[in-house]
1. For residues that are assigned to a helix (DSSP H, G or I) and within 25 Å of Phe102 (Cβ to Cβ), tally how many sit in region 26-52.
2. Do we find that Leu195 is open to solvent by 50 Å² or more (accessible area, probe 1.4 Å), within 22 Å of Gly80 (Cα to Cα) and not charged (D, E, K, R) in this structure?
3. Report the residue count in region 75-109 for those that are near the ligand (Cβ under 7 Å from one of its atoms), of a type outside the set (A, V, I, L, M, F, W, C) and buried (at least 23 other Cβ atoms within 10 Å of the Cβ).
4. Could you go through region 124-140 and let me know if any residue there is within 19 Å of Leu61 (Cβ to Cβ) and of a type in the set (A, V, I, L, M).
5. Does Val72 fit the bill of being open to solvent by less than 10 Å² (accessible area, probe 1.4 Å), in contact with a Phe, Trp or Tyr (Cβ under 8 Å, 6 or more places away or on another chain) and either within 13 Å of the ligand (Cβ to nearest atom) or not in a loop (DSSP other than H, G, I, E, B) (or both)?
6. Restricting to region 6-34, give me the number of residues that are more than 9 Å from the ligand (Cβ to nearest atom), of a type in the set (Val, Ile, Thr) and either free of Cβ contacts under 8 Å to residues at least 12 places away in the same chain or open to solvent by less than 30 Å² (accessible area, probe 1.4 Å) (or both).
7. Suppose we filter region 161-207 for residues that are assigned to a strand (DSSP E or B) and either away from the ligand (no atom under 12 Å from the Cβ) or of a type in the set (A, V, I, L, M) (or both); how many remain?
8. If you check Lys107, Lys112, which single one turns out to be assigned to a helix (DSSP H, G or I), basic (Lys, Arg) and in contact (Cβ under 8 Å) with a residue 60 or more places away in the chain?
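The values are calculated or read from the model by the stated rules, or taken from the named source; none is laboratory data. Please read all numbers here as calculations on a predicted model, not as lab measurements. Don't worry about glycine lacking a Cβ; one is built from the backbone with ideal geometry, like all the others, and counts go over all protein chains shown. Note: areas computed on protein heavy atoms with side chains; ligands, DNA, RNA excluded. Shrake-Rupley method; radii C 1.70, N 1.55, O 1.52, S 1.80 Å.
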Amino acid sequence: MSNSAMVRALKNWGFIKSKEVEEAMLTINRALFTDRPFDDAPQPIGCGQTISAPSVVALMLELLEVKKGMKVLEIGTGSGYNAALLGVLVGERGKVISIEYFEELAKKAEVKIKALGMKNVKIIAGDGSKGYEKEAPYDRIIVTAAMPSLSKEHPLIKQLKEGGRLVAPVGDKYLQYIVVYDKKSDEFRRSIPVLFVPLLGEKGFSK
Ligand code: SAM
C-alpha cells in the first residue's frame, strides 16, 4: 500500500470528510513516522508508547476543524505524525505547539519535523497534562493520550480561546470516548469509543 492509497481508503470508509484533512494526509507521508504505516492499528514507537491508527487520526482531525492561521496545542507528540499534519492544516501563518512527556520521543519527532522543513511546528519535552500556559490561549487543543477526566475547571479548557475547541480521549485506562468541547456553547459532546495509552503527569493517570 502507498500513502495515497491509505488516504483513498480512509476517504472511502468515511474517516476523511474534508478537503483539508485529505490534503494534509496526502502531504505528510506516514511512512516517515513508523515501519508499518498503513496498517489501521496503533504501532509501537518506543518508550512503551504508540502512534495512533490512521483512521483515529483522521477522525480526530475532522472533529478538531483546524483552519489556516490558527494556533494549536497538541498534548502527546509521540512520533510527530499528527503534529506534522497539524502543521499543514494551520499553514505558514499558523502555529503548532506539541508537548511530549518522553524527551527521547520529543527529540526524534523534532528531527523529523525539521527534515520536513516545517517552521510552524514547535516540539517541547515535558508534562503537558496541565497544558502550556506560556503560549495560551489556543484556537484548538488536541490531546492524543487518554485523560482520566475533563471538567470545565480543567486548565486545558481555560487555555482555549473564546470560540475554541478541544478534542481528547476521556475515560479509564481500558476504554475512553473521544470528547469534543466547544467553548462558545460551553458543551461537551461524545464521539466514538477508543483505546489510547494513558496521559501521564500531574493531571494524568497515576502510574
Ligand atoms: N500524536 C502521536 C503521534 O502522532 O504519533 C501519538 C500519541 S501517543 C498515542 C500518546 C503520546 O502521549 C505518547 O507519546 C506519550 O508519551 C504522550 N504523553 C503521555 N502523557 C503525556 C503528558 N503528560 N504530556 C505530554 N505527552 C504525554
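1. To start, the set of residues in region 26-52 that are assigned to a helix (DSSP H, G or I) comprises 26-27, 30-32.
Imposing the further condition that a residue be within 25 Å of Phe102 (Cβ to Cβ) reduces the set to 30-32.
Total satisfying the criteria: 3.
2. For Leu195, the condition - open to solvent by 50 Å² or more (accessible area, probe 1.4 Å), within 22 Å of Gly80 (Cα to Cα) and not charged (D, E, K, R) - is met.
3. Of the residues in that region, 8 qualify.
4. No, region 124-140 contains no residue that is within 19 Å of Leu61 (Cβ to Cβ) and of a type in the set (A, V, I, L, M).
5. Details: open to solvent by less than 10 Å² (accessible area, probe 1.4 Å): yes; in contact with a Phe, Trp or Tyr (Cβ under 8 Å, 6 or more places away or on another chain): yes; either within 13 Å of the ligand (Cβ to nearest atom) or not in a loop (DSSP other than H, G, I, E, B) (or both): yes.
Here the answer is yes, as Val72 does meet what is asked.
6. Residues in region 6-34 being more than 9 Å from the ligand (Cβ to nearest atom), of a type in the set (Val, Ile, Thr) and either free of Cβ contacts under 8 Å to residues at least 12 places away in the same chain or open to solvent by less than 30 Å² (accessible area, probe 1.4 Å) (or both): 4 in total.
7. Applying the first criterion (assigned to a strand (DSSP E or B)) to region 161-207 yields 161-171, 176-182, 187-194, 198.
With either away from the ligand (no atom under 12 Å from the Cβ) or of a type in the set (A, V, I, L, M) (or both) added as a condition, the list becomes 161-168, 170-171, 177-182, 187-194.
Number satisfying all stated conditions: 24.
8. Unique residue meeting the criteria: Lys112.
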